[in-house]
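Quick notes on the structure that follows.
The values are calculated or read from the model by the stated rules, or taken from the named source; none is laboratory data. Small disclaimer: the values here were computed from a predicted structure and weren't measured. Using ideal geometry, Cβ is built from the backbone for each residue, glycine included, and neighbour counts are taken over all protein chains shown. Please note that ligands, DNA and RNA were not included when accessible areas were found on the heavy atoms of the full protein model with its side chains. Shrake-Rupley method; radii C 1.70, N 1.55, O 1.52, S 1.80 Å.
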Amino acid sequence: MNATSSPTINPLKEGLSNRPLPRPCNVVIFGASGDLTYRKLVPALYNLQVDGDLPATTNIIGFARRPKSDDVFRAELGEALGKFSRSGRADEVWTDFSGRVHYHQSEFSNGEGYKSLAEKLDRFDAENGTAGNRLFYLSVGPNEFEGILGKLAEHGLNKTKDGSWARVIVEKPFGHDRSSAHDLNEKVSHVFAEEDTYRIDHYLGKETAQNIMVLRFANSIFEPLWNHRYIDHIQITAAEPMGVEARGPYYESSGALRDMCQNHLTQILCLIAMEPPTDLSADSVRDEKLKVVRALRKYTPEEVASNVVRAQYGVGAVSGKEVPAYRSEDRVSPTSETETYVAFRAFVDNWRWDGVPFYVRVGKRMPKHGTEIAIYLKDTPGVLFNAQQAGLGPNVLVIRIQPDEGISLRIQSKRPGAQLAIEPVKMDFHYNTSFGKPSPEAYERLLLDAMAGDATLFARRDEVDAAWTFIDCIEDAWHKNPNPPVMASYPAGSWGPKEADDLLAADGRTWRRL
Amino acid sequence: MAFDPSNLGLQVELNQISSTLHALWETPEQRTRACLLNLVVYCQGTQQLAANTELISKFVRNHACRAILLGDSPAAPVQKTSAWVQAHCHINKAGAHEICSEQITLLAEGLAPATVANMVMANLDYDLPLNLWWQGDLPKNTDSPLWQRVDRLIIDSLDWKNPRQDLQRLSAIRSQFGSRIATADLNWTRTLNLRQAVALSFDNLALLAEIGTINSLEICHAPESKLTALLLASWFAAQLSWVPTQVNPTSLHFRASNGGNIKCKLLETAGDAISSLSVNSDAFSLSLQRETGSCLLHSTLKSAEGPVQSHFPAGNSDLISLLTEEMMPGTRHRVYLKALNSLDHLLA
Ligand SMILES: NC(=O)c1ccc[n+]([C@@H]2O[C@H](COP(=O)([O-])OP(=O)(O)OC[C@H]3O[C@@H](n4cnc5c(N)ncnc54)[C@H](OP(=O)(O)O)[C@@H]3O)[C@@H](O)[C@H]2O)c1
């Protein structure tokens with residue numbers, strides 16, 4: 001057959017499905033004996049199979065260092081699945097699925113390991129018609145990227161045959177600052193083209209995050225209000241009761257700002273603040289998000305001091321249990337200057353958001369787990385009801401990302417009775433109860449998209465770069481400044497330091513209590 | 001067989017349906033009523049009520065809805081109405097509370113279509129889309145107000161006893177309501193996985209280059225599934241701009257826009273609705289086969305480059321899977337309507 005005068009559009013694909021339709025492929029997970037593989041990746045692939053979305057002949061190859069047989073690997077994954085899979089484990093599906101899971105033991109630096117991996121993949125291609133389609137998942141720290149990518153290239157594993165594809169998914173953290181992210185991007189780009197590089201941000205795979213665009217652009221009720229004329233301010237909160245657990249060394253080199261804000265919360269902020277894209281293609285959506293990150297006001301060191309609060313948790317209690325201070329955690333320096341909490345006031349300097357503050361806070365050892373966006377509308381004029389009853393609160397639209405994904409709207413309502421008493425009521429929408437079935441896990445959607453070649457929910461190189469530019473000016477003011485702002489502290493189990501409350505109080509506002 | 005209403009729930013007077021449903025939700029248990037759509041299931045008589053209740057109880061796991069099951073016996077000698085209500089509940093996450101959907105069953109005996117339509121209309125959940133699953137042959141008359149409210153008409157063309165007549169009725173419904181009513185044909189969904197597998201095979205650029213050289217198709221179908229095979233052939237014709245030139249009981253002939261002739265053989269074989277399909281040209285042959293009960297479609301592509309085997313998901317062909325697939329929001333039926341135009345010629 002020759003492909004010279006090929007039609008470029010496949011007429012048979014018209015209108016087939018609005019779900020991604022991946023071609024059969026093989027998935028290689030580097031770091032397959034790690035926590036992420038057991039808790040998230042394999043359960044996600046399994047649930048894709050349960051839902052009939054995983055191509056039937058997909059093989060999953062786990063690449064890691066410690067010796068292990070296929071059977072032991074499968075048994076361990078099967079046990080983990082019982083704990084971490086949203087649909088539990090059905091024996092029939094598991095038998096079929098696990099038969100296509102393989103363990104590949106090798107050091108990342110060992111060329112022989114890649115040679116035998118290439119042979120294995122070729123064999124699977126020949127047996128299963130996977131046609132050379134490969135998805136490499138780097139579930140490893142960024143310091144391992146270069147070595148693995150180099151070896152993949154050395155063994156031609158990044159090369160595709162006619163009509164097939166090879167893609168790479170990279171996990172966070174993607175760099176430590178703009179310059180290291182740039183270096184990392186360079187290294188990746190020598191081996192995989194940008195369109196084959198999928199920088200995962202699992203927040204973007206969450207249903208509610210995906211629903212932000214739908215809420216804004218598929219409903220005529222919100223968009224006319226979605227600007228500085230009607231919105232007073234926006235609060236984005238990501239709270240978790242956990243401390244650093246066993247990840248002390250990683251956290252010491254990262255901190256809350258890098259760990260959460262450079263990626264997840266910036267992405268969420270972009271979805272809230274972006275203009276409508278011209279279409280839903282990956283690049284149109286990401287072009288609009290990029291404009292938002294670029295419009296984020298960059299602070300001077302003095303402005304950082306008055307717009308950003310960093311803090312560390314001290315001793316306290318979470319869920320009724322006493323917990324140690326951050327500096328006493330396992331493998332954390334007793335003089336650590338790493339923040340476990342950060343709150344800042346950001347501005348998106350464009351026409352739509354002129355003067356609207358975006359207050360962002362993220363912290364560990366908070367009283368409860370929750371990520372949400374709260375959009376505060378401006379008060380009604382101070383006549384009629386607002387004149388009679390002081391403190392009628394504003395309308396607040398809350399988008400809950402996790403847990404209990406959903407949306408609620410606070411409105412004012414008359415309390416039944418002869419007296420005119422007004423009270424706020426909440427209109428609540430819960431994903432799980434409204435749709436009668438649980439949302440898929442973020443990793444399911446993201447893995448499926450990567451297999452199907454849809455990069456909309458993945459961060460593009462220029463987005464990552466622009467986000468680091470914003471984060472770097474804060475990090476630099478903290479770490480490269482002769483007079484850095486103080487590190488505040490808060491008791492574990494509280495909602496953060498007093499300084500964060502003061503940040504909002506200065507604007508006449510308060511943080512939402514979750 | 002005597003009519004057994006035992007799985008239809010609580011029998012109630014027609015005017016007490018909504019108060020009985022309200023009472024269901026006033027119990028202190030941790031139960032949440034969920035509803036995203038109205039599903040009206042129309043069937044003739046009482047025979048299918050129990051089986052349809054089973055289907056509904058499974059369907060609501062993926063699509064929370066108000067289901068109204070309607071058994072219609074217009075020719076019954078005595079006018080009579082009966083009603084039952086029940087909730088189908090399931091736990092969606094360990095420890096989370098139960099999610100429930102309501103089912104109302106209505107039995108209409110000896111009533112005029114407009115009266116039956118009013119009974120249904122009175123029990124719809126307000127402001128939610130109305131999906132009407134019409135089982136069996138389509139009605140001649142669609143003037144009742146119920147049809148004015150339908151958003152999606154679900155049919156299974158395999159149930160049609162007189163396909164030509166039903167196709168004409170469907171076309172009349174389309175001209176009466178235009179694109180306001182989307183049509184979902186479960187028989188079309190039966191071919192979905194095959195269509196997907198064929199379409200994905202042509203993602204291979206070398207194969208795509210040869211798409212205009214296809215000169216024969218061979219479709220093996222179960223004896224009762226000829227209409228499924230014809231729909232599949234219609235899809236090829238519609239998407240590749242083939243015009244039917246001759247229709248015989250076991251073969252169809254088409255002309256492509258480049259002048260080439262295509263012969264489509266229809267072979268009756270026991271087993272799945274469609275057990276195999278092959279698409280051939282002088283340059284390649286692509287064959288797709290499904291063993292009975294297998295969840296995979298085995299594909300073999302033979303060309304000058306040698307044979308390539310691959311697998312595609314075969315999907316489930318039980319009614320619930322078909323219905324669930326059809327109810328995926330946003331499923332657009334432009335391609336189906338194009339295929340129907342071709343099917344019209346093939347039913348001659
Ligand atoms: N865990 C999470 O929830 C989470 C969330 C978001 C992002 N991430 C990111 O995802 C990545 C992986 O996280 P993780 O928690 O799964 O890490 P982990 O538990 O530390 O696992 C690391 C994996 O890498 C393998 N490995 C390390 N060095 C190796 C070498 N030289 N040769 C071969 N294999 C080697 C280990 O194999 P052996 O065990 O055989 O030595 C193990 O499978 C990290 O970048 C992390 O930041 C994790």
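The sole residue among A:Arg178, A:Arg167, A:Arg216, A:Arg199 that is charged (D, E, K, R), under 20 Å from the mean Cα position of the chain (by Cα) and within 16 Å of the ligand (Cβ to nearest atom) is A:Arg199. Restricting the search to helices (runs of 4 or more DSSP H) fully inside segment A:426-499 and requiring at least 1 residues that are open to solvent by less than 10 Å² (accessible area, probe 1.4 Å) gives A:442-452, A:461-479.
The set of residues in segment A:267-286 being touching a Ser or Thr at 6+ places or on another chain (Cβ under 9 Å) and aliphatic (A, V, I, L, M) consists of A:Ile268, A:Leu280, A:Ala282, A:Val285. The set of residues from segment B:188-242 being free of Cβ contacts under 8 Å to residues at least 12 places away in the same chain and assigned to a helix (DSSP H, G or I) comprises B:Ala199, B:Leu205, B:Leu208, B:Ala209. Screening the candidates A:Asp125, A:Asp96, A:Asp91 for the property of being more than 16 Å from the ligand (Cβ to nearest atom) and buried (at least 19 other Cβ atoms within 10 Å of the Cβ) yields one hit, A:Asp125. Here A:Ser69 fulfils each of the conditions (1) among the small types (Gly, Ala, Ser); (2) farther than 26 Å from A:Ala126 by Cβ; (3) out of contact with any Ser or Thr (no Cβ under 8 Å at 6 or more places or on another chain); (4) within 16 Å of the ligand (Cβ to nearest atom) apart from (2).
Restricting attention to segment A:99-122 and to residues that are touching a residue at least 24 places away in the same chain (Cβ under 8 Å) and more than 15 Å from the ligand (Cβ to nearest atom), the residue that is least open to solvent (accessible area, probe 1.4 Å) turns out to be A:Leu121. Only one residue in B:Asn204, B:Asn123, B:Asn118, B:Asn131 is at pLDDT below 90 and either under 30 Å from B:Ser82 (Cα atoms) or of a type in the set (Asp, Glu) (or both). Which one? Criteria check complete, one pass: B:Asn118. A count restricted to segment A:176-215 and to residues that are of a type in the set (Gly, Ala, Ser) and crowded, with 22+ Cβ neighbours inside 10 Å stands at 3. One residue stands out in segment A:133-156 among those that are surrounded by fewer than 21 Cβ atoms within 10 Å (Cβ to Cβ) and away from the ligand (no atom under 14 Å from the Cβ): the one that is farthest from the other protein chains (Cβ to nearest Cβ), namely A:Glu154. Considering only residues that are open to solvent by less than 10 Å² (accessible area, probe 1.4 Å) and within 14 Å of chain B (Cβ to nearest Cβ), look in segment A:23-47 and name the one that is nearest to the ligand (Cβ to nearest atom). Among those that are open to solvent by less than 10 Å² (accessible area, probe 1.4 Å) and within 14 Å of chain B (Cβ to nearest Cβ), it is A:Asn47.
Being outside any strand (DSSP E or B), free of Cβ contacts under 8 Å to residues at least 60 places away in the same chain and within 11 Å of another protein chain (Cβ to nearest Cβ) is a condition met by no residue of segment B:37-55. Taken together, the criteria place A:Val50 among residues that are within 14 Å of chain B (Cβ to nearest Cβ), open to solvent by 50 Å² or more (accessible area, probe 1.4 Å) and of a type outside the set (Asp, Glu). Each residue in segment B:37-65 was checked for being modelled with pLDDT of 85 or more and either open to solvent by 10 Å² or more (accessible area, probe 1.4 Å) or of a type in the set (Ser, Thr, Tyr) (or both), and 16 of them qualify. Taken as a whole, the condition of being among the hydrophobic types (A, V, I, L, M, F, W, C) and either over 23 Å from the mean Cα position of the chain (by Cα) or open to solvent by 50 Å² or more (accessible area, probe 1.4 Å) (or both) applies to A:Ile422. Of the strands (runs of 3 or more DSSP E) lying entirely inside segment A:249-350, those carrying at least 2 residues that are open to solvent by less than 10 Å² (accessible area, probe 1.4 Å) are A:308-314, A:341-347. Is it true that some residue in segment A:48-57 is among the charged types (D, E, K, R), within 24 Å of the chain's Cα centre (by Cα) and in a helix (DSSP H, G or I)? No: segment A:48-57 contains no residue that is among the charged types (D, E, K, R), within 24 Å of the chain's Cα centre (by Cα) and in a helix (DSSP H, G or I). When residues in segment B:58-79 are screened for being over 18 Å from B:Asp125 (Cβ atoms) and among the polar types (S, T, N, Q), 2 of them pass. Where strands (runs of 3 or more DSSP E) sit wholly within segment B:256-348, those with at least 3 residues that are more than 9 Å from chain A (Cβ to nearest Cβ), modelled with pLDDT of 90 or more and open to solvent by less than 70 Å² (accessible area, probe 1.4 Å) occupy B:261-268, B:274-280, B:284-289.
Pairs are defined by a Cβ separation below 6 Å, a sequence spacing of at least 6 or placement on different chains, a first member in segment B:1-20 that is free of Cβ contacts under 8 Å to residues at least 24 places away in the same chain, and a second member that is basic (Lys, Arg); no pair meets this definition. List pairs: first residue in segment A:375-389 and part of a loop (DSSP other than H, G, I, E, B), second residue modelled with pLDDT of 80 or more and surrounded by 13 or more Cβ atoms within 10 Å (Cβ to Cβ) anywhere in the structure, Cβ distance under 6 angstrom, at least six positions apart or on different chains. Qualifying pairs under 6 Å: A:Lys378/A:Tyr230; A:Lys378/A:Asp232; A:Asp379/A:Pro394; A:Gln389/A:Ile422.
Among all positions in segment B:195-212, there is no residue which is more than 14 Å from every other protein chain (Cβ to nearest Cβ) and not basic (Lys, Arg).
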